[in-house]
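Encoded as structure tokens, the structure appears first; notes follow it.
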Amino acid sequence: DAPAGLRRVAASRDLLAAILRHLSLVVPDDVPTLSSALAQAAPWQSVLLRSGEHLVDARVDGKPGSSVLRLTSPVRLRGERGTILRGTIVAEAGCAGGSMSDLSVEDAGDCCLRCEGGVWDLRRLRLRCAHGAALKASNGAKVELHECVMGGEAKSEMGVHVVLSAYGSVQ
């Protein structure tokens, strides 16, 4: 029952992708979890996480999934003030890249963020890892950091530049 113009937009993959780049999926308003948002997101679409704690791979029913979230498509992740992600984010080698901003990522295992490829713009992130590196970049991944804190405990560590407050924060 949609008008012909709307049907033509929906039929044009490129036009639809261009429009979706300007619309954010909001967790939990539009979709219940980050993993479900990424499953629905178009390449380069923004995903906004509301303030609070989120598991990187929580299931729709609210139960935890794995502790690893794999990014396979370019995405822009951002959080409201007070957003915490728990687990490891892996930007896979085939992923073109994207951006992450205004998030705190806390992990108790491998690392907070592992970029295996792509071009990544990271802004105002707090990456705190209990065992491994806060950030690990490999396979030609290009990562640009702005106002990020890695390792350490105190919020007062936030500065104008990247702050490394623990040995092994970056690999």
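Of note:
- For V143, nonlocal amide neighbours, meaning residues 5 or more places apart or on other chains whose placed amide H falls under 5 Å from its own, are W120.
- A full extension of the chain between S73 and A93 corresponds to an added length of 6.2 nm, given 0.36 nm per residue minus the alpha carbon distance.
- Take 83-95, 28-40 and order them by the average number of nearby Cβ atoms within 10 Å per residue, most first; the result is 83-95, 28-40.
- Heavy-atom accessible area ranking, 1.4 Å probe, most first, across E53, E116: E53, E116
- Taking amide H positions as modeled 1.01 Å from N, with prolines and chain starts lacking one, the residues under 5 Å from T83 and 5 or more places away or on another chain are G52, S104.
- Given their separation in residues at 0.36 nm each and the Cα-Cα distance between them, R50 and A2 gain 14.1 nm when the chain is fully extended.
- Amide H to amide H distances under 5 Å link L127 with V105, V149, M150, G151, where only residues 5 or more positions off or on other chains count and H is placed in the peptide plane.
- Against the criterion of solvent-accessible heavy-atom surface with a 1.4 angstrom probe, R8, R126 sort, most first, into R8, R126.
- Here the gap between R123 and A39, fully extended at 0.36 nm per residue and compared with their Cα-Cα distance, gives a gain of 27.9 nm.
- Karplus-derived 3J(HN,Hα), 6.51/-1.76/1.60, for each residue of segment 76-90, Hz, glycine and proline x: 10, 9, 8, x, 6, 4, x, 8, 10, 9, 10, x, 10, 9, 10
The values are calculated or read from the model by the stated rules, or taken from the named source; none is laboratory data. Since this is a predicted model, take the numbers as computed values, not measurements. Cβ: placed from backbone, ideal geometry, glycine included. Neighbour counts: every protein chain shown. Protein only, heavy atoms only, side chains kept; ligands, DNA and RNA dropped before computing areas. Shrake-Rupley method; radii C 1.70, N 1.55, O 1.52, S 1.80 Å.
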